[in-house]
Amino acid sequence: MHVASTDPGQAPIRRVVIAGGGTAGWMAAAALSRTLGKVLEITLVESDEIGTIGVGEATIPTLMTFHRLLGIGEQEFMAQTQATIKLGINFENWRDVGQDYFHSFGLTGTDHWTAGFQHFWMRGRERGLASAYDDYCLELKAALDGRFAHLPKRKLNYAYHLDATLYARYLRRFSEANGARRVEGKISQVTTDPDSGCITALQLENGTRVEGDFFIDCTGFRALLIEKTLGVGFDDWSHWLFNDRAFAVPTATVRDAVPYTRAIAGPAGWQWRIPLQHRVGNGIVYSSRYMDDDQARDTLLSSIDGAPLRDPFPVRFRPGQRMRCWEKNCVALGLSASFIEPLESTTIHLIQRGIIHLMQTFPRTLCQPDIDQYNMRMADELQHARDFVILHFNVTDRQDTPYWRDCKAMPIPDSLRHRIELFRETGRVFHVPTELFAENSWIQVMMGQGIYPREYHRSADLMGDAELKGFLDGIRQDVDRTLRQLPPHMEYVRSYAPATPA
């Protein structure tokens, strides 16, 4: 089916069509309608029969930047999405059974321009002057003590636990208020121009035809536009990331929410626990090569605290990235573009980064250099996030199951090997300024997994013992003093952004 027109690749872009709703689709609609809604016609096509995959309920601090750019008020957002605060992730049984560590969103200590705080801490530990590395991070201490409040100058770094379905509904209302239009229906056919290969329209099962100049594929793992129509392949990472399945189940709340996510390593994967205001999100992520579906489901149900609010629902996925996220006049966002796995909450962040890069290069007409630049930037960001997640599985002392033995024995990307060796030998962290996870994140996870540097920077030798002790004690005392001033996390959330009925 073809309607004669000028070359879609050269025509001005005025009509943007988003295929699919959920978190990815409505985040894209919110950003486009808020910033370019006066010069673009924005249409989102989704079906009520296709729900949001409810495993992405934990976020990282970059979501706050996205909200600030769009002018989304935090109190209203938290109330509408039943959100709680997230200060980091508690990794249980990851280095070995019974050995836990915490990855916080904050900074640890105070850096010097020549060397990070870890070098001064290492010298202090060598001289018997330092306490645990965790003691110098406010976010970490506040998380484990169950405390939170907004502090001046954003001194406390945080993110959110949120209900993904309610978040999509919230963004839908936000987008429609800014001029975006929603069309109900399932996509039955994607029409392309026979000459350029660009997408021209979506044909729906109900007979509706939605035409556009530019398309955003948010159809999830189905990738109806980017893969099934445009034929862009997928780079499979399952040789590094073994997990390919999950079960998720919400449960009733039985205690006040803690301000952190729990990631609990098991025999063939791991489990998450994400506390919201109105319920708790639970799930198990596992490898079908090492655990069957019935065993995973039973393991999940035997470990939850509250009563299940529905039957566990399965999710199958393939870790990896699209060979190109932008092809012709289509950009893939969310699960149609890439998926690492739920660990470290990278999915919503990568959706956000894809949107931000698209907004920064949004074309009047298609321009191949813009497309190439976008694809390079997204590939770089995905590689950095991928390496960080692989680190958790590969650097471990666990030898109790075939799964963990194989994780430890697998070859890893050269880019990750370099990061590990650099830190182990020198205490320095290889870090690209634009990548997601900051130096302190790498330090906390590497030391949490048992990698300690063999030496520290010579700048730390410039302090005598008395000066170094005063420096370290001052930071720890400041953390403890601030911590005592913070109220309990849920006491603060209830007074700041009480949940509205779901």
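Spelling out what I want: for every residue of region 195-202, take phi, set θ = phi - 60°, compute 6.51 cos²θ - 1.76 cosθ + 1.60 (Karplus), and round to whole Hz; glycine and proline get x.
8, 8, x, 5, 6, 10, 6, 10
Counting other Cβ atoms within 10 Å of each Cβ, which trypsin sites (Lys or Arg not before Pro) in region 159-256 have at most 11 and sit in a DSSP loop?
Here the trypsin sites (Lys or Arg not before Pro) that fit, given the DSSP loop and packing criteria, are Arg255.
For n ≥ 4 DSSP H runs only, could you compute -39500 (n - 2.57) per run for the chain, divide by its residues and tell me the 222 nm figure to the nearest 500?
-11000 deg cm²/dmol
Compute the distance in nm between two label points, each set 7 Å from the Cα along the Cα-to-Cβ direction, one at Thr401 and one at Thr110.
4.5
With a ≥ b ≥ c taken as the square roots of the eigenvalues of the C-alpha gyration tensor of region 90-157, please select rounded if a/c is under 1.5 and otherwise prolate if a/b is larger than b/c or oblate if it is not?
oblate
Would you please classify the overall shape of region 300-420 from the alpha carbon gyration tensor, given that a ≥ b ≥ c denote the square roots of the eigenvalues, rounded means a/c under 1.5, and beyond that prolate means a/b larger than b/c while oblate covers the rest?
Oblate shape, in that a/c is at least 1.5 and b/c is the bigger or equal ratio.
DSSP beta bridges in the chain, what fraction antiparallel, as a percent rounded to 5?
70
For region 412-502, just say rounded, prolate or oblate: build the C-alpha gyration tensor, square-root its eigenvalues into a ≥ b ≥ c, call rounded for a/c under 1.5, and beyond that prolate if a/b exceeds b/c, oblate if not.
Note, shape of region 412-502 comes out oblate.
Measure nothing fancy, just the Cα-based angle from helix 164-177's long axis to the longest principal axis of the chain, in degrees from 0 to 90, nearest 10.
Around 50 degrees separate the two axes.
Could you look at the chain and say what percent of its accessible area is carbon and sulfur, using a 1.4 Å probe and all protein chains?
48
Taking 8 Å as the Cα distance limit and 6 or more residues as the minimum spacing, I'd like the relative contact order of region 352-459 as a percentage.
24
What would the Debye equation give as log₁₀ I(q)/I(0) for the chain at q = 0.06, 0.09 Å⁻¹, counting only Cα atoms as equal point scatterers?
-0.29, -0.66
Excluding residues fewer than 8 places away in the same chain, name every one of the lysines whose C-alpha is closer than 20 Å to that of Lys186.
Result set, ordered by chain and number: Lys228.
Can you tell me how much longer the chain between Gln10 and Gln373 gets when fully stretched, taken as 0.36 nm per residue apart minus their C-alpha distance, in nm with one decimal?
128.8 nm
What is the angle, in °, between the Cα long axis of helix 465-485 and the longest principal axis of the Cα atoms in the chain? Nearest 10 is fine, range 0 to 90.
Once rounded, the angle reads 60 degrees.
By a straight-distance test (C-alpha under 25 Å), which lysines pair with Lys155 as possible cross-link partners, with residues fewer than eight away in the same chain excluded?
Output for Lys155: Lys86, Lys141, Lys469.
With labels modelled as points extended 7 Å from the Cα through the Cβ direction, what inter-label distance (nm, one decimal) is found for Ser415 paired with Glu467?
Between Ser415 and Glu467, the label points sit 4.0 nm apart.
In whole Å, what is the distance between the alpha-carbon centres of region 207-280 and region 435-466?
33
Grab the other residues whose beta carbon is less than 13 angstrom from that of Gly464, score K and R as +1, D and E as -1, and report the net.
Its environment carries a net charge of 0.
Work out, step by step, the length gained on full extension between Asp236 and Asp294: first 0.36 nm times the residue separation, then minus their alpha carbon distance; give nm to one decimal.
18.3 nm
I'd like the orientation of helix 368-394 relative to the chain: the angle between its Cα long axis and the longest Cα principal axis, in ° from 0 to 90, rounded to 10.
The answer is roughly 40 degrees.
The values are calculated or read from the model by the stated rules, or taken from the named source; none is laboratory data. Computed from a prediction, not measured in an experiment: that's the story for all the values here. Neighbour counts are summed over all protein chains in view; Cβ atoms, including those assigned to glycine, are modelled from backbone coordinates with ideal geometry. Areas reflect the complete protein model, heavy atoms only, side chains present, ligands, DNA and RNA absent. Shrake-Rupley method; radii C 1.70, N 1.55, O 1.52, S 1.80 Å.
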